[in-house]
1. How many residues does the range 17-39 hold that are open to solvent by 60 Å² or more (accessible area, probe 1.4 Å) and under 19 Å from G136 (Cβ atoms)?
2. Surrounded by 15 or more Cβ atoms within 10 Å (Cβ to Cβ), touching a residue at least 60 places away in the same chain (Cβ under 8 Å) and part of a helix (DSSP H, G or I): does that describe A82?
3. Just one of L126, L131, L108, L95 is part of a helix (DSSP H, G or I) and surrounded by 19 or more Cβ atoms within 10 Å (Cβ to Cβ); which is it?
4. Step by step: first the residues of the range 56-115, then only those that are more than 30 Å from Q149 (Cβ to Cβ) and more than 26 Å from the chain's Cα centre (by Cα), then the one that is modelled with the lowest pLDDT. Which residue is that?
5. Within the range 50-88, track down each residue that is touching a Gly at 6+ places or on another chain (Cβ under 8 Å) and over 15 Å from G142 (Cα atoms).
6. Please identify the pairs in which a residue from the range 119-145 that is among the charged types (D, E, K, R) has its Cβ atom under 8 Å from the Cβ atom of a residue that is open to solvent by 30 Å² or more (accessible area, probe 1.4 Å), counting only partners at least 6 apart or on another chain.
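The values are calculated or read from the model by the stated rules, or taken from the named source; none is laboratory data. Quick caveat: nothing in here was measured; it's all calculated off a predicted structure. Cβ placement follows ideal geometry from the backbone for every residue including glycine, while neighbour counts extend to all protein chains displayed. In case anyone asks, the SASA skips ligands and DNA or RNA and just uses the protein heavy atoms, side chains included. Shrake-Rupley method; radii C 1.70, N 1.55, O 1.52, S 1.80 Å.
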Amino acid sequence: MVREGVVDERADGARSSRTLAVASAVLTGTMALYIALVAFGNITDFGTNQQFVRHVLAMDTTFKDDDLMWRAISSTALQDAAYIAIIVWETLAALALIAATVMWGMSLRGNGSGIRRARRASTVGLLMLMLLFGAGFIAIGGEWFSMWQSKSWNGLEAATRVFLLSGLVLVLTHLPSAGRAEPGSAD
């Protein structure tokens, strides 16, 4: 004999799993849209953030402490190479997150079997964002090149925001029930 509460509990668990999968899809898609627009903006309006990267690497708006200024990169060729590398990384992260969003969508239309692949693709794209904004902008730009000292060229607040949002989406996509839309799927 099946108890009514057990049946309801299973139905609620399936709904909860689907809800987390939908949330993962929507938030992954939001991060994909964000970084795609950032990359597109940097490609189509190359000069704006090129100046940002040049000033941060040159450390020309910091306190100019002699103990730190040896870190400055004054070569515009190296500055531009760093900026192009950032744009390439942003573009690759956008492509990974777009692919992950498509995978989430496909898994929601089917029986949930693609959730594991969608989760992996989301993880790759989100970690790419966290590396860029955490290691690249917060650690290297903020600390190594002392971006925190600049009143004009300080992107730490924006970088922290993207880093934290990416981390939040990453945690959500890895919640255990987000991958249990089908029986027996475990990660």
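1. The number of residues fulfilling the criteria is 2.
2. Numbers: surrounded by 15 or more Cβ atoms within 10 Å (Cβ to Cβ): yes; touching a residue at least 60 places away in the same chain (Cβ under 8 Å): no; part of a helix (DSSP H, G or I): yes.
So A82 fails the test.
3. Numbers: L131 fails: surrounded by 19 or more Cβ atoms within 10 Å (Cβ to Cβ); L108 fails: surrounded by 19 or more Cβ atoms within 10 Å (Cβ to Cβ); L95 fails: surrounded by 19 or more Cβ atoms within 10 Å (Cβ to Cβ).
Testing whether each residue is part of a helix (DSSP H, G or I) and surrounded by 19 or more Cβ atoms within 10 Å (Cβ to Cβ) leaves just L126.
4. N111
5. First, pick out the residues of the range 50-88 that are touching a Gly at 6+ places or on another chain (Cβ under 8 Å): 52, 56, 86.
Answer for the range 50-88, where residues must be touching a Gly at 6+ places or on another chain (Cβ under 8 Å) and over 15 Å from G142 (Cα atoms): just I86.
6. Qualifying pairs under 8 Å: R119/H174; R119/D187.
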